[in-house]
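Every number in this text was worked out from the coordinates using simple rules, so none of it is lab data. This is a predicted model, so every value here is computed, not measured. Reconstructed Cβ throughout: ideal geometry from the backbone, glycine too, with neighbour counts over all protein chains shown.
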Amino acid sequence: MQPQESTHLTALPRLLAVLMALSALAGCATPYMRHGFIGGYSQKKLGEATYLVKFDGNGYSSKDRVWYFWIYRCAELTRQHGYEMFALLGPEAAGAEPAAVRKRWEASSPAMVEPAQSAGAAGYPYYEAPGGLVTTYHASGTIQMLHAPVAEDQALVLSASAIIEALKPYVDSGGKAAPPTRAQLLERAAVEPGGEG
């Protein structure tokens, strides 16, 4: 009769392999993916065509990377549901008339729109880790999906196709290709009232 190996000894190499794989993943910036162990996108349906969209980065993900992946997810989700464009329903829109929000949007111009000023406000939580603090970035905002044409009183409307076209090389390269600036992206994707997106 041969002695049987302990199941603990045979499971140890598998456990070490899993831990090494998780360590390797944890050392990389969050890729564009559904939310998982190292972050990613998620969405919650709030209404017929309204969603809260989030993207969580890890300690290796820059603020810009998180914002670009978040806005890309907004556009991708919009297209997946058969819509052409989406409106950003930011904190400044709460309780304000849509025409007043549009006026503020036009006055500030897309070049001035930052995540903290509009939908997609970025969070900057700090986590204590051995050797110091780790900063992680998160982008979140509510979108309303729309069909063309854009109503006169609709504010902050973006073409889903324009965003996907502009950011696809960046997303497909895992963030290695140079994206347009936020101002360029918003200017390219902005849909005027009566526009078709």
Distance in nm between pseudo-label sites at Leu52 and Ala177 (7 Å out along the Cβ direction from Cα): 3.3 nm
Whichever lysines have a C-alpha closer than 17 Å to that of Lys63, once near sequence neighbours (fewer than 8 apart) are set aside: Lys54, Lys176
Starting from the Cα of Arg34, step 7 Å along the direction of its Cβ; do the same at Ser161; then give the gap between the two resulting points in nm. 2.8 nm
Exposure proxy check: Met85, Met33, Met145 ranked by fewest other beta carbons within 10 Å? Met33, Met145, Met85
Rounded to one decimal in nm, the spacing of the 7 Å Cα→Cβ label points at Glu192 and Asp64 is 3.0 nm
